[in-house]
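Working notes, structure below.
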Amino acid sequence: MARGERRRRGTLADGARTAEGASRSGTARRDSRVGMTRGTVAGAVLAIVVLPLALSLSGSWLLAWHRARQAVTLHSAPPALPLNSSSPAVAPHLFWGTYRPHVYFGMKTRSAQPLLTGLMWAQQGPAPGTPKLRHTCEQGDGVGPYGWEFHDGLSFGRQHIQDGALRLTTEFVKRPGGQHGGDWSWRVTVEPQAPGTSALPLVSLFFYVVTDGEEVLVPEVGAKGQLKFISGHTNELGDFRFTLLAPTSPGDTGPKYGSYNVFWSSNPGLPLLTEVVKSRLNSWFQHRPPGASSERYLGLPGSLKWEDRGPSGQGQGQGQFLIQQVTLKVPFSMELVFESGSARAENQALGQLAGSLLTQALESHTEAFRERFEKTFRLQEKGLSTEEQALGQAALSDLLGGIGYFYGQGLVLPDTSVEGSEQKVAPALFPPVPLFTAVPSRSFFPRGFLWDEGFHQLVVQRWDPYLTREALGHWLGLLNADGWIGREQVLGDEARARVPPEFLVQRTVHANPPTLLLPVAHMLKGGDPADLAFLRRAFPRLHAWFSWLHQSQAGPVPLSYRWRGRDPVLPTLLNPKTLPSGLDDYPRASHPSATERHLDLRCWVALGARVMVRLAEQLGETEAAAELGPLAASLETEEILDELHWAPELGVFADFGNHTKAVHLKPQSPQGLVRVVGRPHPRLQYVDALGYVSLFPLLLRLLDPHSSRLGPLLDVLADSRHLWSPFGLRSLAASSSFYGQRNSEHDPPYWRGAVWLNINYLALGALHHYGHLEGPHQARAAKLHKKLRANVVGNVWRQYQATGFLWEHYSDWDGKGMGCRPFHGWTSLVLLAMAEDY
């Protein structure tokens, strides 16, 4: 993940669409055949018009124009997923979900114009000023720990949130039925964090519903601002009804007194919901329970006055925002019930999913989750403690609870360089596309990241292969006409609001490690007919994506590769970063140039070629297998790998480029820290930066078990002077001159020593692999696997016990969690390490 860049910032699956078939308004064609036919006609007409003009233009300009057009044209291969795969007609069980990972609790439909629900809360107090309103997950808002105790990725979840002296528990259950995704119910319980607390606070909960278009909401208000229910209708959901039940004491059925406020307006825009509510909390009200003293609280306007209507009086096209505020004393529970009109006939006999029925459903789902979890991962059978099993369950649940559904248009900067010159073009809008994906972090990275997602799906695929097929199909739906997929997906207003404008643009020359092929390899190994049927549909897109990577990132000599998109040499940077590699500030050649050869990229391409050949052979794609076979064989030939990347003077594999170690940051006024280059001057040589990159031939299992290079790699891996630490493998050797060094005055070390779970998981898999293959290093690899697994799992567990969070990475000095939290993305791989599932 290129997070160094982001550290500074605080459905194609539903039918193939061409750029001509996707307007900036976000409307997209659903019929892929119509889209491609119209695109072909439009292209032919455009060619007739442009041809005479093109004859008078330079060939380089025309090529640049063509590249710019290709960059924002969707790939013509058939989609990997069925038409309208996200709709309630095709996948009713997935239509509703907790697909808003950036909010503490909320649900939405998998739709381009979804119906959204959410929760805000605030602890009221006598002091003047607006109370702290909680809504979106923030890195520094003081809330935490928080996370899903259970989440099955489909129909059930339970989350705990600590907010100062409060403990919130949010639960949901879905019930199938009808033609629109069925019913669902929430339960929100608020209790004191410490039992026996005498001074019980007054708390307001804000339940809201948001529409994003012409959908209809009709609230029915009762006494004192209490909504009886909200009726509604959308094209995708048909008729539906929300009912917010009266509050009760936790575990009780008797009602508890609450004060009610309501607010109804046009949709101000999803990123502005929190601010709108804050700005409206400007009136004092009295909370007067019978037989108790009254207390003041800040509340919303206490009527259903339709605010901020559009010129026509109805706010057409804007959607609606309806919010019910309920204020009462802790402890209490509240339930929100959504009932689909088309499910009413089926579910009416079952009764409303509330009260004791909801309790029974939650208990049943909890027990089913535990049984399925043990059957899938067998942690209890392996002798792990109850606490360690709870960590594994939370790792899985937080990953599944972090799955989001996004829809929108990204910004793309095409590659217009031709023969050394570059035609300047502005970023262009990519066609509207959906994305169903897990996210690395709800608080800091609540959007899709390409190389992270491959690691995410290694965990998800073990639990629910259907979810993995959905996620991979959506990612492959982002393929442009050249076979490129943007490494960071910022789709929709909510995602865009959390990214500064300068970081919104994705460049079509930038690649990312092809980690989506990791779950593909696992699918091939498993042989599930549903997986193979999906891979057959997905093969043309996988092939196009891999071919683009192999060709676009080719290096200066045959069978070498170079990451495009390194930072330029700037006087403030110790070592220009390589964000597309995912390893950000990992040291590369000190002076970027076209002569570089990047070891990790070559290994990723070698792994990709291996997987694609196996896939082509298994699917009977003989032409593709014949094309890819020689490439895979060449990339796995150790003599060629040695020739390109073995550094005899270093005793390990390494990058190659224009490099000198004589660089450092020196304070200079007024610039601050400035890079100084001394002697020896840079020259073409192997890059002395022992760390994760050095291990890639081992990590991706590209070496023969009898390889003479395997021993030296195990030596540096196991040496505490280099990569070994009590908490996992360091990203950069402690002996390196770059170890722990800042990359600039405002850019602390990132991949320069910290322990990262994704690479440690690859190392564990490699050691397990070589520990089960006959060879001179078999026993040693097996022993190192056992020790490294104990170190990694033990440290993640201790930090989880101490903080309640999974972290982005961990200190190699004391094991403490670092970076953002919660980081339920690839740190969830600790579960597979516990299960020894590689």
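The values are calculated or read from the model by the stated rules, or taken from the named source; none is laboratory data. None of the values given here were measured: they were computed from a predicted structure. Here the Cβ is made from the backbone with ideal geometry for all residues, glycine too, and neighbour counts use every protein chain on show. Just the protein is used for accessible areas: all its heavy atoms, side chains included, with ligands, DNA and RNA removed. Shrake-Rupley method; radii C 1.70, N 1.55, O 1.52, S 1.80 Å.
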Checklist entry - Over all distinct alpha-carbon pairs, what is the Kirkwood Rh of the range 508-598 in angstrom? => result 15.2
Item to check | the range 361-366 - phi-based ³J(HN,Hα) in whole Hz, Karplus 6.51/-1.76/1.60, Gly and Pro as x | outcome: 5, 4, 5, 5, 5, 4
Item to check | Shape of the chain, Cα gyration tensor, a/c cut at 1.5 | outcome: prolate
Item to check | 1.4 Å probe accessible area per residue over the chain, in Å² | outcome: 38
Item to check | For the range 493-508, Karplus couplings with θ = phi - 60° (6.51, -1.76, 1.60), whole Hz, Gly/Pro x | outcome: 5, 5, 5, 5, 5, 9, 10, x, x, 5, 10, 7, 7, 9, 9, 6
Item to check | Cα pair distances of the range 421-482 binned at 5 Å [whole percent] | outcome: 4, 15, 21, 20, 16, 10, 7, 4, 2, 1
Checklist entry - To the nearest 0.05, how large is the calculated FRET efficiency for Ala390 and Tyr257 if R₀ is 45 Å and r is the Cβ-Cβ distance? => result 0.80
Checklist entry - If packing is taken as the mean number of other Cβ atoms within 10 Å per residue, what is the order of 91-98, 381-388, 591-598, 273-280, highest first? => result 91-98, 591-598, 273-280, 381-388
Next on the checklist: Ignoring solvent entirely, what values of log10 I(q)/I(0) come out of the Debye formula for the range 500-651 at 0.11 Å⁻¹ when each Cα is a single scatterer?
Outcome noted: -0.50
Checklist outcome for this item: Taking the dipole of the chain about the Cα centre (Lys, Arg +1; Asp, Glu -1; charges at Cβ), the one of Leu413, Gly341, Gln618 that reaches farthest to the positive side is Leu413
Checklist entry - What FRET efficiency comes out for the pair Arg742/Gln618, r = Cβ-Cβ distance, R0 = 41 Å, nearest 0.05? => result 0.30
Checklist entry - For the residue pair Ala223 and Trp813, what label-to-label distance in nm results when each label sits 7 Å from Cα along the Cα-to-beta-carbon direction? => result 6.4
Checklist outcome for this item: Residues whose built amide H sits under 5 Å from the amide H of Leu684, excluding neighbours closer than 5 in sequence, are His659
Checklist entry - What is the extension gain from Asp464 to His664, computed as 0.36 nm multiplied by their sequence separation minus the C-alpha to C-alpha distance, in nm to one decimal? => result 67.1 nm
Item to check | In nm, spacing of pseudo-spin labels at His93 and Ala246 (7 Å Cα→C-beta vector) | outcome: 3.8
Checklist outcome for this item: The long-range amide H neighbours of Lys132, using H built 1.01 Å from N in the peptide plane and a cut-off of under 5 Å, are Gln123
Item to check | Most positive-pole-ward Cα, Ala538, His522, Phe449, against dipole of the range 434-539 from beta carbon charges | outcome: His522
Item to check | 22 Å Cα-Cα reach of Lys666 towards lysines, excluding residues that sit fewer than 8 places from it in its own chain | outcome: Lys577
Checklist outcome for this item: Straight-line reach check, Lys816, cutoff 24 Å on alpha carbons, 8 or more apart in-chain or any other chain, hits among lysines -> Lys786, Lys787
Item to check | Fraction of the pair-distance distribution of the range 166-240 above 22 Å, Cα-Cα pairs, percent | outcome: 46
Next on the checklist: So if I take the centroid of the Cα atoms in the range 742-807 and the same for the range 562-627, what is the distance between those two points in Å?
Outcome noted: 22
Checklist entry - Can you work out ³J(HN,Hα) from phi for every residue in the range 701-718, in order, using Karplus 6.51 cos²θ - 1.76 cosθ + 1.60 and θ = phi - 60°, giving whole Hz and x for Gly and Pro? => result 6, 8, 8, 5, x, 9, 4, 6, 8, 5, x, x, 5, 5, 4, 6, 4, 8
Item to check | Total charge dipole magnitude, the range 487-542, about the Cα centre, Cβ charges on Lys, Arg, Asp, Glu only, Debye to nearest 20 | outcome: 220
Next on the checklist: Once you place label points 7 Å from the Cα toward the Cβ at Ala199 and Glu643, how far apart are they in nm?
Outcome noted: 7.7
Next on the checklist: Which lysines, if any, have their Cα less than 26 Å from the Cα of Lys108, not counting same-chain residues under 8 positions apart?
Outcome noted: Lys132, Lys174, Lys228, Lys278, Lys305
Next on the checklist: Once neighbouring chains are kept in place and the probe is 1.4 Å, which whole percent of the accessible area of the range 609-660 is contributed by carbon and sulfur?
Outcome noted: 49
Item to check | For the range 716-837: rounded, prolate or oblate by the Cα gyration tensor [a/c cutoff 1.5] | outcome: oblate
Checklist outcome for this item: Taking the chain and counting helices only, DSSP H stretches of n ≥ 4 at -39,500 (n - 2.57) each over all residues, the nearest-500 ellipticity at 222 nm comes to -9500 deg cm²/dmol
Checklist entry - Taking the alpha carbon gyration tensor of the range 489-545, what are the square roots of 5 times its eigenvalues, largest first, to the nearest whole Å? => result 32, 14, 10
Item to check | Residues whose placed amide H lies under 5 Å from that of Phe229, excluding near-sequence neighbours | outcome: Glu220
Checklist entry - To the nearest 20 debye, what is the magnitude of the charge dipole of the chain about its Cα centre, counting +1 on the Cβ of each Lys and Arg and -1 on the Cβ of each Asp and Glu? => result 1360
Checklist entry - Among Gln159, Leu573, Thr234, whose Cα sits farthest toward the positive end of the charge dipole of the chain (+1 at Cβ of Lys/Arg, -1 at Cβ of Asp/Glu, about the Cα centre)? => result Leu573
Item to check | Distance-filtered residues of the range 567-611 - backbone nitrogen under 19 Å, label point 7 angstrom along Ser735 Cα→Cβ | outcome: 587-588
